[in-house]
Amino acid sequence: MAYNPRMSIIPTNQQQGRSRKKEDEADAFMRLPDREIVGCITDIGIHFTVADLQKPNPAHVQQIFEWFAELLLNATRETVEPAMRAAAEDVCGEFSDVVPTDTRNLMGFYVSLRRLLYECGITDFTFNDLYKPTYERLVKIFSYLINFVRFRESQTTLIDEYYNKSESTKNRIETLHAENQENEARLEDMRHNRKAMEAQVREKTMRNEELKKQLLELQRHQKTVAARLDEAKAKKGELTSRLEQKTQDKLTLKQESNKLRPYMLQSPSALQDNLTELREILNNDKAHIDALDRRARALQTSTDSFTVVSTDVASCIKILDEIATELAKEEEEMARNSKQRDALSERGNNAREVERSEVLLRRQLSKWADRTEKLREQSHQKAQEAKEKMHELSAIHRKLTEEHTDKGKEMEIRRVRIEQKEKKMLDLKENIENEVHAAYDEYLKMEAHIKLYITEMEQSIS
């Protein structure tokens with residue numbers, strides 16, 4: 001009989017049992033004894049016995065899982081509840097109370113615990129392991145968790161060392177960042193004050209220039225008015241002297257006429273001649289007096305104008321005094337501006353010093369960032385080495401598991417072959433027995449035929 005691998009005499013339920021048995025053999029490397037599991041859980045402060053492991057209580061099992069989650073993930077009810085509340089508000093909005101608090105906290109705890117167990121090697125963790133735990137599942141899960149905790153404790157010094165280094169580097173970076181922000185704020189304030197001071201200085205400078213222009217115009221106007229005043233004074237002095245001279249001439253002429261009046265009475269013709277001459281002189285004097293009156297009125301007008309001009313000059317002098325006081329104030333303001341400019345330059349120097357310090361701090365920050373990057377790379381390399389070691393250990397474990405499973409498969413194949421050989425032997429034995437029975441039947445038939453033939457021969461002979 002030919003060997004047909006598609007045919008099997010083993011029942012289907014026995015094959016499923018064997019596949020489960022293979023999985024159990026694969027997990028046997030990680031499985032711990034019951035007493036060791038109970039001892040580890042008791043050491044963490046939770047009362048746990050072998051009877052509790054064989055007949056698990058869901059509440060007790062959930063308490064142990066909560067402790068493992070708090071130890072390895074730092075996940076407690078206080079840390080899970082805010083995140084789940086925010087997620088419920090984000091999803092449900094105003095109807096976030098539709099989902100009970102315990103339910104959403106349980107969902108968050110289940111997700112965290114499932115992620116932890118997935119990292120430990122348990123990929124089929126379900127709610128039944130929390131609410132309907134069984135002995136086999138608990139032994140498997142606790143074994144994987146305890147092995148993971150032991151591995152983590154063996155690497156605690158290395159983990160703490162890199163964690164402390166990263167925390168110190170992070171704190172230093174945050175300190176430098178805060179100092180940088182403070183210096184940037186101070187620099188921005190100083191720049192703002194500098195712009196304000198520059199605007200004030202520009203405004204004061206423009207005002208000073210305008211006042212200087214006004215002062216120059218007033219000085220030119222003062223010079224013009226002074227020249228006109230001097231000219232008017234000179235004309236006034238000249239006209240006054242001429243008026244005095246004419247008045248003196250008039251008085252002299254009157255005295256001479258009084259002296260000549262007695263002579264006028266001596267002779268009519270002479271008097272007539274004198275009268276005519278005197279009339280002409282009088283007419284001339286009148287004309288001259290009218291001219292002098294006109295000159296006096298002109299002088300009075302000029303005097304009035306001089307008075308107005310002197311009033312204007314006094315007002316100009318007053319304005320000049322005010323301008324002088326204003327100039328003194330401006331000089332004081334200029335001195336103050338110079339002091340402020342010096343202070344501004346000093347602040348600019350301080351700002352430059354701050355900028356230089358900022359450059360130095362940025363260089364230090366870049367150096368620290370480089371150091372942090374180097375430390376991160378070193379930690380990444382060491383983590384990579386640790387991961388490679390884990391991969392090597394996993395590969396070795398996988399290799400051992402594969403070898404164990406291969407040996408199991410070979411033993412299974414050999415057992416199947418042996419069973420098939422036994423079946424072949426049974427078939428051959430059955431065939432041989434059938435052939436023996438058939439030969440024995442043929443023998444009996446032949447013996448019957450021979451006996452019948454002998455009896456017939458005997459009968460024919462007799």
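Each value in this text was obtained by applying a stated rule to the coordinates, not by laboratory testing. This one's a predicted model, so the numbers in the text were calculated from it and none came from an experiment. Quick reminder, even Gly has a Cβ in these numbers, built from the backbone with ideal geometry, and neighbours come from all protein chains shown.
See the values below:
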{"item": "Residue list for the range 159-193, given a label point 7 angstrom along the Cα-to-Cβ vector of GLU377 and an amide N cut-off under 18 Å", "result": "166"}
{"item": "For the range 361-427 and the range 104-154, distance of Cα centres in Å", "result": "21 Å"}
{"item": "Projected label distance in nm at GLU161 and GLU203, using a 7 Å step from Cα toward the beta-carbon", "result": "6.5 nm"}
{"item": "Value at 222 nm in deg cm²/dmol, rounded to 500, when DSSP H runs of n ≥ 4 in the chain each add -39,500 (n - 2.57)", "result": "-33000 deg cm²/dmol"}
{"item": "Peptide ranges 163-172, 114-123 listed from the most packed, as the mean C-beta count within 10 angstrom indicates", "result": "114-123, 163-172"}
{"item": "33 Å tail of the calculated P(r), the chain, as % of Cα pairs", "result": "76 percent"}
{"item": "Gain in span if fully extended, ALA196 to HIS391, counting 0.36 nm per residue against the direct Cα distance", "result": "63.6 nm"}
{"item": "Gyration tensor verdict on the range 349-417 (Cα atoms; rounded if a/c is under 1.5, prolate if a/b is larger than b/c, oblate otherwise)", "result": "prolate"}
{"item": "With Cα atoms, 0 to 90° folded angle of helix 101-120 axis to the chain main axis", "result": "70 degrees"}
{"item": "As computed over the range 408-462, the Cα convex hull volume per residue (Å³)", "result": "26 Å³"}
{"item": "Sites LYS339 and GLU179, calculated FRET efficiency, Cβ-Cβ separation with R0 35 Å, nearest 0.05", "result": "0.65"}
{"item": "With Cα atoms, 0 to 90° folded angle of helix 135-154 axis to the chain main axis", "result": "50 degrees"}
